[in-house]
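Asker: Would you mind keeping the following structure in view while I ask a few things?
The values are calculated or read from the model by the stated rules, or taken from the named source; none is laboratory data. For clarity, every value in this text was computed on a predicted model and none was experimentally measured. Here the Cβ positions follow ideal geometry from the backbone for every residue, glycine too, while neighbour counts run over all protein chains shown. Quick note on the areas: whole protein, heavy atoms, side chains included, nothing else; ligands and nucleic acids left out. Shrake-Rupley method; radii C 1.70, N 1.55, O 1.52, S 1.80 Å.
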Amino acid sequence: MLVTTIINGLVLGGTYALLAMGLTIQYGIARIMNLAYGETIIAAAFLAFVLNSTLGVAPLVSLLVAAPAGFALSYLIYGLMLHPLVKRSKGRASLEVDSILATFGLLFVIQGVMLVFFGGNYISYTYMNFGIDILGSSVAANRLTALILALVLGGGLYLLLTRTLWGTALRAVSVAPQSAPLVGIDADRAARFAFALGGALATCGGVVISMYQTFTASSGVIFTMKALIVVILGGVGNLAGALSAGLLLGLVETLVATYVSPGLTLAAVYFIFLGVLLWRPSGLFGRAR
Amino acid sequence: MLDVARLSVSYGKHVALTDVSIRVATGEAVVILGANGAGKSSLLKAIAGLVQPAPGAGVALDDKPLTGIPAHEVLEAGIALVPEGRGIFGDLTVSENLDLGAYAHRARKEAPRNRDLVYQLFPRLVERRHQRVATMSGGEQQMVAIGRALMSAPRLLMLDEPSLGLAPVMVGELFSALKQIRHAGMALLIVEQSVRKSLDLADRGYVLEAGRMVGNGTAASLREDPVVQRAFLGMAADA
Ligand SMILES: Nc1ncnc2c1ncn2[C@@H]1O[C@H](COP(=O)(O)OP(=O)(O)O)[C@@H](O)[C@H]1O
Ligand SMILES: [Mg+2]
């Protein structure tokens, strides 16, 4: 029982971590607070659902479509809708307000389209729905796959950002955007790529979620919120922090739901969130790194 | 090599530079003198592409026009700026800062060789290479800033008050490093408060006052100029 709970907690936590990394990249590097982030996630979950139920495509294969599509669409959205805001903004604060308003609108557009196509019902499909024995407890194979995917994608992104010159350049933009041009970095282009990369992570997260959870056209807001909480818990812009805070949040939610009461999971999440805001406002894991 | 003609810069209604023209020849060291607010930083920033000059200005490096080109492309053309306040990436390590110095395409191939040169110039950075630069002293941060600029293999290195806020020992170390850079044949354009030290380093200099060029000459003649002596070298008019 405990082993199953912990693994389920890690699965959920791994997913949160993945989602939070995308959001923290968009916010930390591109400086866009993307309120439509959760809708990107859900759109990808629907994509995996449709591909699976009409063509029998496995979600692992859907990732190969979802990731590039998330990247390309986010790239376009940044270019068409957000770049004009960036260009006319006078400072970080005004860009923050503008981008929140603009992506708030985008949230309803994407959600509306999904509602038209899929209605408001809960959606799920079955994939790898059998148990695997781990230390004497049975864990659903789809959850285990989701955990492995989240760790591989999250770990890969972490290595990309910390071990390559390109990734170091992205982190430099997040640390000191005004200094980036001094070393020949086109900060504008870096922001566009970072936003697109964050979008690709969101769509990967959406496919992963669809493997083991039910969702509806209007679940996006919850995921944006959870991702945002994880980002703040981990310290804005802190990738390793997002990873650890995501895993922690998933574990807490699952443990509370199993051993206390499913009705108290959200309360527990906000309790931790409030505590961190009050006592460690820069996040559990401190400054961006 | 560097040719700046009729450069004017305004911030809204405030005019910071009016019709300034300067030249730096290949391998030459040139110093810009001027009181606080004279427009020295604005001049370097306009050359670097960080602020837009008024229409009619001409900035060129070896006949390659640079006017109106974004800062990251100016660096790619071969002009590096160490700005006032250093502009380093505080949350990144020394070696990450240096790696990024060679981010420009022009610098990638030669990066390993240039890194060796930077570590030779500033041996102190070798043992600190995995340290976050925000945790280092002002002098060490300035070494990172200069090292990072050198990593881009510039033809012209511009420095905006590199000795500002440094301990006297550090200022000495800084100028001996600049001398080595100069002897290696790199052109320098430097704005400095330590006027005596920078005139020792430079071949020529310009004097800016309230956004206008009011004088220029060889380092030796500027050292003897009564106006320069009174304003910057702390000498009485009749001394
Ligand atoms: N970003 C800015 N906005 C408005 N005014 C500025 C700005 N930067 C500099 N100035 C003004 O332009 C003039 C020249 O400044 P600056 O180039 O920094 O001089 P210096 O480097 O010689 O001290 C000063 O009067 C300064 O107040
Ligand atoms: Mg200045």
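Asker: Yes or no: the range A:207-214 includes at least one residue that is under 26 Å from A:LEU144 (Cβ atoms), of a type outside the set (Val, Ile, Thr) and surrounded by fewer than 24 Cβ atoms within 10 Å (Cβ to Cβ).
Answerer: Yes: the range A:207-214 contains one or more residues that are under 26 Å from A:LEU144 (Cβ atoms), of a type outside the set (Val, Ile, Thr) and surrounded by fewer than 24 Cβ atoms within 10 Å (Cβ to Cβ).
Asker: Could I ask something else about it? Looking at B:VAL118 and the list (1) in contact with a Pro (Cβ under 7 Å, 6 or more places away or on another chain); (2) in a helix (DSSP H, G or I), which single condition is not satisfied?
Answerer: So B:VAL118 meets the others, but not (1).
Asker: Please note which helices (runs of 4 or more DSSP H) are completely contained in the range A:61-163 and include at least 2 residues that are over 24 Å from A:LEU197 (Cβ atoms).
Answerer: Output list reads A:92-118, A:141-163.
Asker: Run down B:ALA71, B:ALA38, B:ALA80 and say which single residue is within 13 Å of another protein chain (Cβ to nearest Cβ), open to solvent by less than 10 Å² (accessible area, probe 1.4 Å) and either within 16 Å of ligand 2 (Cβ to nearest atom) or on the phi < 0 side of the Ramachandran plot (or both). Reasoning before the result, please.
Answerer: Working: B:ALA71 fails: open to solvent by less than 10 Å² (accessible area, probe 1.4 Å); B:ALA38 fails: within 13 Å of another protein chain (Cβ to nearest Cβ).
Of the residues listed, the single one that is within 13 Å of another protein chain (Cβ to nearest Cβ), open to solvent by less than 10 Å² (accessible area, probe 1.4 Å) and either within 16 Å of ligand 2 (Cβ to nearest atom) or on the phi < 0 side of the Ramachandran plot (or both) is B:ALA80.
Asker: Across the range A:87-113, which residue is most open to solvent (accessible area, probe 1.4 Å) among those that are over 21 Å from the mean Cα position of the chain (by Cα) and closer than 13 Å to A:ASN34 by Cβ?
Answerer: Within the range A:87-113, the match that is most open to solvent (accessible area, probe 1.4 Å) is A:ASP98.
Asker: While we're looking at this one, here's another question. Could you say which residue among A:ALA172, A:ALA176, A:ALA187 is surrounded by fewer than 24 Cβ atoms within 10 Å (Cβ to Cβ) and within 7 Å of chain B (Cβ to nearest Cβ)?
Answerer: Values: A:ALA172 fails: surrounded by fewer than 24 Cβ atoms within 10 Å (Cβ to Cβ); A:ALA187 fails: within 7 Å of chain B (Cβ to nearest Cβ).
Just one listed residue meets the conditions, A:ALA176.
Asker: Something else about it: Taking the range A:147-167 only, how many residues are within 14 Å of chain B (Cβ to nearest Cβ) and open to solvent by 10 Å² or more (accessible area, probe 1.4 Å)?
Answerer: 5
Asker: Also, I was wondering about something else. Does B:LEU44 meet the test of being on the phi < 0 side of the Ramachandran plot, away from ligand 2 (no atom under 16 Å from the Cβ), open to solvent by less than 60 Å² (accessible area, probe 1.4 Å) and under 17 Å from the mean Cα position of the chain (by Cα)?
Answerer: No, not satisfied.
Asker: Right, something else. Can you pull out the residues in the range B:89-109 that are open to solvent by less than 20 Å² (accessible area, probe 1.4 Å), in a loop (DSSP other than H, G, I, E, B) and either of a type outside the set (Gly, Ala, Ser) or away from chain A (no Cβ under 11 Å) (or both)?
Answerer: B:PHE89, B:ASP91, B:LEU92 - these are the residues of the range B:89-109 that are open to solvent by less than 20 Å² (accessible area, probe 1.4 Å), in a loop (DSSP other than H, G, I, E, B) and either of a type outside the set (Gly, Ala, Ser) or away from chain A (no Cβ under 11 Å) (or both).
Asker: Report, ordered by the first and then the second residue, all pairs with beta carbons closer than 6 Å, sequence separation of six or more or different chains, a first member in the range A:124-149 that is over 22 Å from A:PHE215 (Cα atoms), and a second member that is among the aliphatic types (A, V, I, L, M) and open to solvent by less than 30 Å² (accessible area, probe 1.4 Å).
Answerer: Note: pairs meeting the criteria are A:ILE132/A:VAL139; A:ILE132/A:ALA141.
Asker: Are any residues in the range B:66-90 within 16 Å of ligand 1 (Cβ to nearest atom), farther than 15 Å from B:ALA187 by Cα and touching a residue at least 40 places away in the same chain (Cβ under 8 Å), and if so, which ones?
Answerer: Selection gives B:PRO83, B:GLU84, B:ARG86, B:GLY87.
Asker: Got at least one residue in the range B:110-126 being surrounded by 20 or more Cβ atoms within 10 Å (Cβ to Cβ), within 11 Å of chain A (Cβ to nearest Cβ) and modelled with pLDDT of 95 or more?
Answerer: Scanning the range B:110-126, I find no residue that is surrounded by 20 or more Cβ atoms within 10 Å (Cβ to Cβ), within 11 Å of chain A (Cβ to nearest Cβ) and modelled with pLDDT of 95 or more, so the answer is no.
Asker: Okay, next question. Just checking, which of B:VAL82, B:VAL94 is among the β-branched types (Val, Ile, Thr) and under 16 Å from the mean Cα position of the chain (by Cα)?
Answerer: Every option except B:VAL82 fails the conditions.
Asker: Would you point out the residue of the range B:21-35, among those that are within 11 Å of ligand 1 (Cβ to nearest atom) and touching a Lys or Arg at 6+ places or on another chain (Cβ under 9 Å), that is nearest to the other protein chains (Cβ to nearest Cβ)?
Answerer: Restricting attention to the range B:21-35, the residues satisfying the condition of being within 11 Å of ligand 1 (Cβ to nearest atom) are B:32-35.
From what's left, touching a Lys or Arg at 6+ places or on another chain (Cβ under 9 Å): B:32-34.
On the way: B:ILE32: 19, B:LEU33: 24, B:GLY34: 22 Å.
Ranking the qualifying residues of the range B:21-35, first place goes to B:ILE32.
Asker: Condition first: assigned to a loop (DSSP other than H, G, I, E, B) and farther than 19 Å from B:GLU73 by Cβ. Now tell me which residues in the range B:1-54 satisfy that. Full working, then the answer.
Answerer: Of all residues in the range B:1-54, those assigned to a loop (DSSP other than H, G, I, E, B) come to B:1, B:12-13, B:25-28, B:35-39, B:49-54.
Those that are assigned to a loop (DSSP other than H, G, I, E, B) and farther than 19 Å from B:GLU73 by Cβ: B:GLY12, B:LYS13, B:ALA25, B:THR26, B:GLY27, B:GLU28, B:ALA35, B:ASN36, B:GLY37, B:ALA38, B:GLY39, B:ALA54.
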